[in-house]
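To start, the structure itself, in structure tokens.
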Amino acid sequence: MTGTRRALVVDDDAAILEVLGMRLGAIGFDVTATGDPAWALAAADATRFDVALLDLRMEPMDGVALMEALHARQARLPVLIMT
């Protein structure tokens, strides 16, 4: 894979965001991390991601609903849902 790899991480736990951001950054990803699903969708409108890691249980939009909305924007985006 050439160029910058981009990861979207969405979790309502700030500690999870920090750890995943550090770990993904350490292996070469440019990480966009947020606890706000709506902000994540706006980011997906502006940026093409190579992978998304989503928390299953969030409010007001859970990880499955967020995955569906992300796939409407980036149909081939690989998504990992965490709980």
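The values are calculated or read from the model by the stated rules, or taken from the named source; none is laboratory data. Model, not experiment: these values are computed from the prediction. Methodologically, a virtual Cβ is constructed for each residue, glycine included, from the backbone with ideal geometry; neighbour enumeration extends over all protein chains shown. To get the accessible areas, we keep the full protein, side chains included, count just its heavy atoms, and leave off ligands, DNA and RNA. Shrake-Rupley method; radii C 1.70, N 1.55, O 1.52, S 1.80 Å.
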- Item | Residue within the stretch 59-69 that is under 9 Å from the mean Cα position of the chain (by Cα), in contact (Cβ under 8 Å) with a residue 24 or more places away in the chain and open to solvent by less than 50 Å² (accessible area, probe 1.4 Å) present | no
- Message: at pLDDT below 95 and β-branched (Val, Ile, Thr): is that true of Thr4 in this structure?
- Response: yes
- Message: For the stretch 31-83, which positions are in contact with a Lys or Arg (Cβ under 7 Å, 6 or more places away or on another chain), in a loop (DSSP other than H, G, I, E, B) and under 21 Å from Ile16 (Cα atoms)?
- Response: Phe49, Asp50, Thr83
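Could you go through the stretch 3-10 and let me know if any residue there is touching an Asp or Glu at 6+ places or on another chain (Cβ under 7 Å), part of a helix (DSSP H, G or I) and open to solvent by 50 Å² or more (accessible area, probe 1.4 Å).
Taking the stretch 3-10 as the starting set, the residues that turn out to be touching an Asp or Glu at 6+ places or on another chain (Cβ under 7 Å) are 4-7, 10.
Right, trim to part of a helix (DSSP H, G or I) and you get none.
Checking the stretch 3-10: not a single residue is touching an Asp or Glu at 6+ places or on another chain (Cβ under 7 Å), part of a helix (DSSP H, G or I) and open to solvent by 50 Å² or more (accessible area, probe 1.4 Å).
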- Query: Do we find that Thr47 is within 10 Å of the chain's Cα centre (by Cα) and among the polar types (S, T, N, Q) in this structure?
  - Reply: no
